[in-house]
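Structure first, commentary second.
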Number of protein chains: 2
Amino acid sequence: MGRDLTAQDLRDLARGAAFLGTGGGGDPYVGRLMVEQALAEGGRVTLISPEEVPDDAFVIPTAMMGAPTVLVEKIPSGHEAVASLRALEAHLGRRAYATMPIECGGINSTMPLVVGARLGLPVIDADGMGRAFPELQMETFHVYGVPGTPMAITNEFGDTTILTAHDNKAMEWLARGITIRMGGAAYIAEYSMDGATAKRTSIHGTISLGIRIGRCLREARESHQDPFQSLIEMLKDTPYRYGRVIFEGKVADIFRRTTEGFAKGHATIESDGDGPPLDLNFQNEHLIARVDGHVRGIVPDLICILEAETAEPITTESIRYGQRVKVMVVSTPDIMRTPEALDVFGPRAFGLDHDFTPIEQLS
Amino acid sequence: MGRDLTAQDLRDLARGAAFLGTGGGGDPYVGRLMVEQALAEGGRVTLISPEEVPDDAFVIPTAMMGAPTVLVEKIPSGHEAVASLRALEAHLGRRAYATMPIECGGINSTMPLVVGARLGLPVIDADGMGRAFPELQMETFHVYGVPGTPMAITNEFGDTTILTAHDNKAMEWLARGITIRMGGAAYIAEYSMDGATAKRTSIHGTISLGIRIGRCLREARESHQDPFQSLIEMLKDTPYRYGRVIFEGKVADIFRRTTEGFAKGHATIESDGDGPPLDLNFQNEHLIARVDGHVRGIVPDLICILEAETAEPITTESIRYGQRVKVMVVSTPDIMRTPEALDVFGPRAFGLDHDFTPIEQLS
């Protein structure tokens, strides 16, 4: 059952997850090192498809919570998320059959792999965001009715919180407060559910997708193909079927602030041609790309900043003045574009005064 | 065993606890209303002395946590602290034999009475502060080695957190963050311990003391005695044996800010004579009283602002420009003045650049 991930898979996943992180989610390079450490200590990472999970199996997703800008300064050991899963198991009096990601972008694509490797649990090839999002209620799990709590929150000192909230927005609000007090990054186990619910409410195959994206970029470089074109071709037979490079240019301005537990800010990218610049806003992840006031890409579609030659994904904390970049926008799966999904993680959920327009319809 | 408190006891306690609150602790009037409601619904408040508690009995103290300035705007129902005790019982898998205050000043003298009345639990006549203090590690329980966690934190929406911290300062830091996110006031059960530990680490008789202080002030007024003099006489045969009025005057300035989960600020009281004014600093509770730069009273001794004619205690959130007041300083029990106690709640624990000097030694 399932398949064990290879060292090459993990390297590809780190790059693919950075792409799916749309600028946020925390640097998956850190996550890859954690998995490699767990493997070096004798662990295995076994990926299973959602279909392989029994309906009555007990699933506990695991993740890092906090600002990506903090993560790079307060690097986790990998034991924190393990402790969260164990604390939630103890609280609920049930053992987990498997863990899974809540988020397939950034470090949270790899965090459950660390937990799985350390505890000998399989990891379900699916997640609850289909990308990265900054808040805990921005989950398809939430959209389709799963309570996020009881949840466990731990830090590197062994402090543990079991939180039970009256709804998932209160969970986010309270857990964010705890995370801030834990130094801006913490480790969580939440949205525990049975296998049937996991199958119904998750976005399937997103770890594999991350690996495929990473592999595609790597192979394009190795064979001197255009990595952008290769990626757009590859995505066509996935639920993220439409991708387009919407802008090319040079980073002219970047403003980044770690506030309220998030990395918030904006960037300006000057056009390579004569046209006006592209303006980008982010809250951990990129939310909206505008040129001359016109929307060119908007959440929940993926807005990805990539190094112009190699298509290496650039996270918001790594954007630097003078970088030459291309901006790519990718359509998200149908399950993430329903009215109830857009209520939870569409533009207005971030305070943007725009309706969602799919990238396919943006000129 | 024990004795049931009367309606008159509760009224006296509300006033006495306001005195012991040294300006903070939350308005015990609110707490009295909550107890009266519980009594009206058929509950009883049974006070037992620490000596009556079996050594192996399981004790769970209960309290409100947060800024007194918030409490008066977000009034509790009384069920929140009950929920905290029950949540901690469920987490620990043990039922409480009794509850008790962590703090005998302000609303926290009455909060365990509400819990006791609602659950039919006796309340131990003792506490862990001997007054009010703003932070959770500022407890004789902590000073004498009791872990504060696991603790439960609840709010009016039924959100519940079980926190386990690696030390009591981390408990305060994390619980404060949760309390802030819960709107600045929350309800806690913490420092669970056995009867022997409760006896060893608590300040005994402080609920009775609050009742006696309130009764003393009431009877002095009724019999047209000087309430200040009556109180000073009454205190002589208690562990708070030395009291003195250090200043008389009029409130000339008050600055109050609810920040970081506390009510912080300062007040200036103009002298009735020709002398310089008295300067008062507080963090929920009054910390230091200075005249012309000279310390006239300092934490952990009690610094109490009282209405000049009636000796009605005035909490920091009720200090108003123009009030005529007397400032009284009272010595604290020996258990609160040991070097290890002063490390935890002496002047330097509040960032004051002063050593503790007992009121008996201040001119």
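The values are calculated or read from the model by the stated rules, or taken from the named source; none is laboratory data. Only a predicted model underlies this, so the values are computations on that prediction, with no experimental measurement involved. Cβ placement follows ideal geometry from the backbone for every residue including glycine, while neighbour counts extend to all protein chains displayed.
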- prompt: Is it the case that some residue within region A:108-115 is within 10 Å of chain B (Cβ to nearest Cβ), without any contact (Cβ under 8 Å) to a residue 60 or more places away in the chain, surrounded by 24 or more Cβ atoms within 10 Å (Cβ to Cβ) and in contact with a helix residue (DSSP H, G or I) (Cβ under 8 Å, 6 or more places away or on another chain)?
  reply: no
message: Going by what's in this entry, would B:Ala198 be described as within 14 Å of another protein chain (Cβ to nearest Cβ) and at negative phi?
response: no
- prompt: Going through region B:226-258 one residue at a time, which ones are within 19 Å of B:Gln361 (Cα to Cα), part of a strand (DSSP E or B) and of a type outside the set (D, E, K, R)?
  reply: B:Gly243, B:Val245, B:Ile246, B:Phe247
message: Pairs needed: first member in region B:85-102, farther than 11 Å from B:Ala57 by Cβ; second member anywhere, basic (Lys, Arg); C-beta distance under 7 Å; at least 6 residues apart or different chains.
response: B:Glu89/B:Arg95
query: Restricted to region A:156-183, and to residues that are in a loop (DSSP other than H, G, I, E, B) and more than 9 Å from chain B (Cβ to nearest Cβ), which residue is nearest to B:Ile153 (Cα to Cα)?
result: A:Gly183
- prompt: If you check B:Ala196, B:Ala186, which single one turns out to be part of a helix (DSSP H, G or I), of a type in the set (A, V, I, L, M), modelled with pLDDT of 95 or more and in the same structural domain as B:Val72 (by TED's automatic domain parsing)?
  reply: B:Ala196
task: Out of B:Arg15, B:Arg3, B:Arg95, report the one residue that is over 14 Å from B:Ile207 (Cα atoms) and among the basic types (Lys, Arg).
output: B:Arg95
- request: Tell me, please, whether a residue that is hydrophobic (A, V, I, L, M, F, W, C) and not assigned by TED's automatic domain parsing to the domain that holds B:Leu136 can be found in region B:218-229.
  value: yes
message: Going through B:Ala152, B:Ala126, B:Ala132 one at a time, which residue ends up being hydrophobic (A, V, I, L, M, F, W, C), touching a strand residue (DSSP E or B) at 6+ places or on another chain (Cβ under 6 Å) and within 14 Å of chain A (Cβ to nearest Cβ)?
response: B:Ala152
- request: Determine which single condition B:Arg176 fails, assuming it passes every other condition in (1) among the basic types (Lys, Arg); (2) closer than 19 Å to B:Gly26 by Cβ; (3) over 18 Å from the mean Cα position of the chain (by Cα).
  value: (3)
message: Take the residues in region B:181-229 that are among the small types (Gly, Ala, Ser), surrounded by fewer than 19 Cβ atoms within 10 Å (Cβ to Cβ) and over 21 Å from the mean Cα position of the chain (by Cα); name whichever of them is nearest to B:Phe19 (Cα to Cα).
response: B:Ser223
query: Are any residues in region A:205-225 within 25 Å of A:Pro134 (Cβ to Cβ) and in a loop (DSSP other than H, G, I, E, B), and if so, which ones?
result: A:Gly205
message: Any residue that is closer than 30 Å to A:Arg181 by Cβ, exposed (fewer than 15 other Cβ atoms within 10 Å of the Cβ) and touching a residue at least 24 places away in the same chain (Cβ under 8 Å) - is there at least one of those in region A:258-269?
response: yes
- prompt: What about A:Gly145, is it under 27 Å from A:Pro333 (Cα atoms) and either at the interface with chain B (Cβ under 9 Å from one of its Cβ atoms) or surrounded by fewer than 24 Cβ atoms within 10 Å (Cβ to Cβ) (or both)?
  reply: yes
Given (1) farther than 30 Å from B:Gly177 by Cα; (2) of a type in the set (S, T, N, Q); (3) in contact with a Ser or Thr (Cβ under 7 Å, 6 or more places away or on another chain), index of the condition A:Gln229 fails: (3)
query: When you go through A:Val35, A:Val30 one by one, which is the residue that is in a helix (DSSP H, G or I) and either of a type in the set (Ser, Thr, Tyr) or buried (at least 24 other Cβ atoms within 10 Å of the Cβ) (or both)?
result: A:Val35
field: Only listed residue being touching a Gly at 6+ places or on another chain (Cβ under 6 Å) and within 30 Å of B:Gly42 (Cα to Cα), chosen from B:Thr161, B:Thr154, B:Thr110, B:Thr140
entry: B:Thr110
- prompt: Listed residues B:Met64, B:Met138, B:Met129; which is in a strand (DSSP E or B) and closer than 25 Å to B:Met336 by Cβ?
  reply: B:Met64
task: Identify all residues within region B:324-342 that are surrounded by fewer than 24 Cβ atoms within 10 Å (Cβ to Cβ), in contact with a helix residue (DSSP H, G or I) (Cβ under 7 Å, 6 or more places away or on another chain) and closer than 22 Å to B:Leu278 by Cα; write none if there are none.
output: B:Lys326, B:Ser331
- line: Residue hits (region A:230-257; under 15 Å from A:Val330 (Cβ atoms), surrounded by 16 or more Cβ atoms within 10 Å (Cβ to Cβ) and of a type in the set (D, E, K, R)) are A:Arg244
- prompt: A:Val143: out of contact with any strand residue (DSSP E or B) (no Cβ under 8 Å at 6 or more places or on another chain) and either at pLDDT below 95 or in the same structural domain as A:Ala90 (by TED's automatic domain parsing) (or both), yes or no?
  reply: yes
Test set (1) within 22 Å of A:Gln283 (Cα to Cα); (2) over 14 Å from the mean Cα position of the chain (by Cα); (3) surrounded by 19 or more Cβ atoms within 10 Å (Cβ to Cβ) - A:Gly23 fails condition number: (2)
field: Exclusive hit being in contact (Cβ under 8 Å) with a residue 60 or more places away in the chain, in contact with a strand residue (DSSP E or B) (Cβ under 7 Å, 6 or more places away or on another chain) and closer than 30 Å to A:Asp272 by Cα, set A:Ala175, A:Ala252, A:Ala185, A:Ala198
entry: A:Ala252
- request: For region B:119-131, state whether one or more residues are of a type in the set (Lys, Arg) and crowded, with 23+ Cβ neighbours inside 10 Å.
  value: yes
